[in-house]
Amino acid sequence: SVSRLNLEGCGLTSAGLRTLVTCLQQHNDTVNDVALGSTVHFDADVLQGLADALQMNQQPLRFKQWEPKLYENDPQLTVLDFSDLRWNEKLGDVSAQIIANALGTNEYITTLNLANNKITAKGGVALAGMVARNKAIRTLDLSHNQLGDVGGRALVEGLTQNDTLEVFRLDGNGIAAALLQKVAYALSLNAVPSALKQLVHRIRTNDPTVTQLEFAGGAGRRPFDNAAVRELCDALRTNTSV
């Protein structure tokens, strides 16, 4: 099957290239390189479409079969697991970026497992953006990838905007212990009522406008339990405004 097309010097225009892109998107999964030459200028959106199509053709077949479903927000699709792909089918950063873009606003997938998929810091940064936006995922497994501290820091930042994630596996990524502790801390905040989580930063920074706290009857989607009490006490330890 054809994997490379050399179209240099053949008089191809943007209209012709647009037709080729459509063909690649709809009917081809083997071409992963197209040579166009440097003397012809094509429309930017067409070149981006070509790059996206070629990147998709470089992804594992199993992922390409699933990719359209990621954007459907299907209530029947609640678990997405790519952890058992063979060594030559690992997702990598491009697939991770596609997943991150697709699931940012997904409302039904509650478990996402991308363990052992050769995802580096680049993919980790994209997934951090998903973590910040997504409000449905409860379990996220990114263990045994190659995120490193850059990916770890991005994910910590993403977690500061997330209040729904409950289980987050990052072991085997070469992430510093201090960053993993920050992840654990962010998850501990997700175990307390959302009303308290929203106030924690203001309490810790001694916000003078926060002078009273009222939690009678509990708050948020979880009960005001021992974890919430510990978090509140820790935040109030050095506060002088409440």
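The values are calculated or read from the model by the stated rules, or taken from the named source; none is laboratory data. Small disclaimer: the values here were computed from a predicted structure and weren't measured. Glycine gets a Cβ as well: all are built from the backbone with ideal geometry, and neighbour counts include every protein chain shown. Just the protein is used for accessible areas: all its heavy atoms, side chains included, with ligands, DNA and RNA removed. Shrake-Rupley method; radii C 1.70, N 1.55, O 1.52, S 1.80 Å.
Within the group 48, 65, 59, which residue is open to solvent by less than 80 Å² (accessible area, probe 1.4 Å) and within 30 Å of residue 6 (Cβ to Cβ)?
Only one candidate passes the filter, namely 59.
Only one entry of 115, 53 meets the criterion of being in contact with a His (Cβ under 6 Å, 6 or more places away or on another chain) and buried (at least 17 other Cβ atoms within 10 Å of the Cβ), and that entry is 115.
Selection over region 138-169 of residues that are open to solvent by 60 Å² or more (accessible area, probe 1.4 Å), within 23 Å of residue 233 (Cα to Cα) and touching a Lys or Arg at 6+ places or on another chain (Cβ under 9 Å) gives a count of 2.
Looking at 71, 108, just one residue is modelled with pLDDT under 90, among the aromatic types (Phe, Trp, Tyr) and within 16 Å of the chain's Cα centre (by Cα), and that residue is 71.
Set side by side, the residues 76, 58, 65 differ, and just one is of a type in the set (S, T, N, Q) and over 20 Å from residue 21 (Cα atoms), which is 76.
Does region 202-215 contain at least one residue that is at pLDDT below 75, open to solvent by 60 Å² or more (accessible area, probe 1.4 Å), polar (S, T, N, Q) and over 18 Å from residue 113 (Cα atoms)? No, region 202-215 has no match at all. Based on this model, can you work out whether residue 35 counts as within 25 Å of residue 146 (Cβ to Cβ) and either open to solvent by 60 Å² or more (accessible area, probe 1.4 Å) or not aromatic (Phe, Trp, Tyr) (or both)? So residue 35 fails the test. The criterion of being in contact (Cβ under 8 Å) with a residue 12 or more places away in the chain, open to solvent by less than 80 Å² (accessible area, probe 1.4 Å) and touching a helix residue (DSSP H, G or I) at 6+ places or on another chain (Cβ under 8 Å) holds for residue 14.
Taking the listed residues 132, 100, 126, the one that is touching a helix residue (DSSP H, G or I) at 6+ places or on another chain (Cβ under 7 Å) and open to solvent by less than 10 Å² (accessible area, probe 1.4 Å) is 100, with no other qualifying. Across region 8-23, the number of residues qualifying as part of a loop (DSSP other than H, G, I, E, B) and modelled with pLDDT of 85 or more comes to 3. Selection of region 17-28 for residues being open to solvent by less than 80 Å² (accessible area, probe 1.4 Å), in contact (Cβ under 8 Å) with a residue 24 or more places away in the chain and closer than 17 Å to residue 67 by Cα yields 24, 28. For region 170-179, filtered to residues that are in contact (Cβ under 8 Å) with a residue 12 or more places away in the chain and surrounded by fewer than 16 Cβ atoms within 10 Å (Cβ to Cβ), the residue that is farthest from residue 145 (Cα to Cα) is 176.
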